[in-house]
Structures are given as structure tokens and as C-alpha cells.
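Okay, so here's the structure we're looking at.
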Amino acid sequence: MALFQPTRRRFIQVVGGASVLTLFGCNRREQAMVTLYTFGDSILDCGRYNEFGVHPGQLLVQNDDRLFPEFQGQDLKSRGSARLEHRARDGATVEGLPSQAHRLRVEGKAIALITIGGNDLLQGLIRDTGGGIATFANALDTFVQQLPIRPVLLGNVYDPTFGDDRRNFVGVEPTIARKNLQRMNTAIGEIANRYGQFVDLHAHFLKGDPSWFTATIEPSLRGASEVRRAFLPYVLGK
């Protein structure tokens, strides 16, 4: 029987070992935390456009099962520990991206979402006939290249007219407007393919309807969920 009676030293070793394992376990849980960062414009910062204050980053981290039962269990928190750092700002242009990364400290696993370009188009690039879109692309390329987060998921600019020229609201001849939208989205796709993952919001939203928008161009509550839908397989896959 004496063989099974632990000595005082053995007891301390066992308890100490358990404490170390517990500590290591805590560290593993902390290391498993995933932080989702959002950068860009109102495609990701659209909470003010619906009564629930919902935006895509929130839904990707933790779905609202009451509002969107279809997506129950399809979020980062269903896979483990996750948090959101929401830096996207309604109205942002490519020139404002560096300020959104001010004092950025990235620790542990992280995923970055970026949507930008819509406001740049509305502020003049929709009628660009020179090098404006190339300047936009250079600024975006620099930001993504220097962003200390990988993977980075970069969404392009959707068309709230669904390709219907009768819905034209920009006061620019539709052929010119669509050409520049295409030029911008081509540039965004090339940058995404260089540094991360391209998310084709434009193609997804062409399958939608006016209920996806509010205030003409902003994602509605449904639109916020559809932005989430487009990013979701890439976020969970990463």
C-alpha cells in the first residue's frame, strides 16, 4: 500500500505540473484568439443605416441569430475565440486608409477586411479620363502592402443600379461610369491577388434587389448581411 502514497515532494511536483499545464492551456487559448479587423468605407461601416446598428464585421464575428437564423453557427465565435476591431469609416476614401491603421497593434491571429473605392468614384473618379484610377490603385497597393495583417480580404465596389442604366444617379453618361467602375474593380482585384484574397462584391450584388440598399447606395440591414455572406467563406476558410 505504501507504494501508492505520494510523498510531499511528489505532491508538489504534481500540483506544480498541473499549474504549469493550466498556464500553458491559458496561453494556448489566448493564442487561438482571432481578431477580425475592418478597414475602409460604409460597405463595412453601415451600422448607422439600419435600426439595429448591424454591420458585416459584427456578423462575421458573431451572427445575430434572431435577425439572421439562416447563419446560425456560421461565424468565427462558433469556431473559437474571436473579437472585432472595427476601423472602417463611412465616407472614407483611399487617402483615409492610413489614418484607420494609426496606432495599429496586431497580436496573435488576425484577418483584415478592406472595402474602398466607392467614395473615390463618387468624388470624381467615376468620370476619370486620365490617371486618377491609377493613382487610386497605387495608394491602395501601398496601404495593403504595408498593413501588418495577413490574410487580407479585399472587396471590390458594387453597382447599386444592378447594371440598369435607368437607375443612373451619378449624372455621368452610363458608358463612362461603368467603364471606370470596371477599371477600378480590375485594379482592386489585381491588388487583392498580389497580397491576399479577392472578394467579388460586385458580382454578388448584381444578383440582389433594391432591398439590399438604403439611401440609394448604402447597405441596408439585408445588405449588411449580404456583404457578410460574400466574405464569410473566405473568413471561415482562413
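No lab work stands behind these numbers, since they all come straight from the coordinates. In this text, all values refer to a predicted model and were calculated from it rather than measured experimentally. So basically every Cβ, Gly included, is an ideal-geometry build from the backbone, and we count neighbours across all protein chains shown.
Note on D141, D45: ascending count of other Cβ atoms within 10 Å places them as D141, D45, the fewest first. Roughly how tilted is helix 174-195, in degrees to the nearest 10 and between 0 and 90, from the longest Cα axis of the chain? In the chain, helix 174-195 runs at an angle near 20 degrees to the longest axis. Model label sites at R79 and R105, defined 7 Å from Cα along the beta-carbon direction, differ in position by 2.6 nm. What are the lysines whose alpha-carbon lies under 18 Å from the alpha-carbon of K238, with same-chain residues fewer than 8 places away excluded? The qualifying lysines are K77, K109. Residue ranges 112-118, 157-163, 94-100 sort as 112-118, 157-163, 94-100 when ordered by packing (mean number of other C-beta atoms within 10 Å per residue, highest first). Whole-percent P(r), region 66-178, all Cα pairs, 5 Å bins from 0: 2, 9, 16, 18, 16, 13, 12, 9, 4, 1. A straight Cα-to-Cα reach below 15 Å connects K179 with the aspartates and glutamates D120, D128, D159, D164, D165, residues fewer than 8 places away in its own chain not being considered.
May I ask you to sort L44, L121 by Cβ crowding, counting other Cβ atoms within 10 Å and putting the fewest first?
Details: L44 29, L121 23.
Lowest to highest Cβ neighbour count: L121, L44.
Please identify which residues in region 195-232 have an amide N closer than 11 Å to a label point set 7 Å out from the Cα of L122, following the Cα→Cβ vector. Once the point is set 7 Å along Cα→Cβ of L122, 214-219 turn out to lie under 11 Å by backbone N, inside region 195-232. Were the residues from E95 through F162 laid out at 0.36 nm apart, the gain over their Cα-Cα distance would be 21.4 nm. Counted over region 33-237, the DSSP beta bridges are approximately 10% antiparallel. Measuring r between the beta carbons of E173 and A134 and using R0 = 22 Å, the FRET efficiency lands at 0.55.
What is the fewest-to-most order of H102, H202, H55 by other Cβ atoms lying within 10 Å of their Cβ? Before the final figure, lay out the partial values.
Working: H102 7, H202 20, H55 27.
Ascending number of Cβ neighbours within 10 Å: H102, H202, H55.
Rounded if a/c is under 1.5, else prolate if a/b is larger than b/c, else oblate: which is the chain, with a ≥ b ≥ c the root eigenvalues of its Cα gyration tensor? Prolate shape, in that a/c is at least 1.5 and a/b is the bigger ratio.
Extension gain R66-S211, at 0.36 nm per residue separation less the Cα-Cα distance, in nm? Intermediate results must be reported in sequence, preceding the final value.
Values: separation 145, 0.36 × 145 = 52.20 nm, distance 1.90 nm.
Extra length from R66 to S211 when fully extended: 50.3 nm.
Loop-located trypsin sites (Lys or Arg not before Pro) across region 132-230 with a Cβ neighbour count of 13 or fewer within 10 Å are K207, with loop assigned by DSSP.
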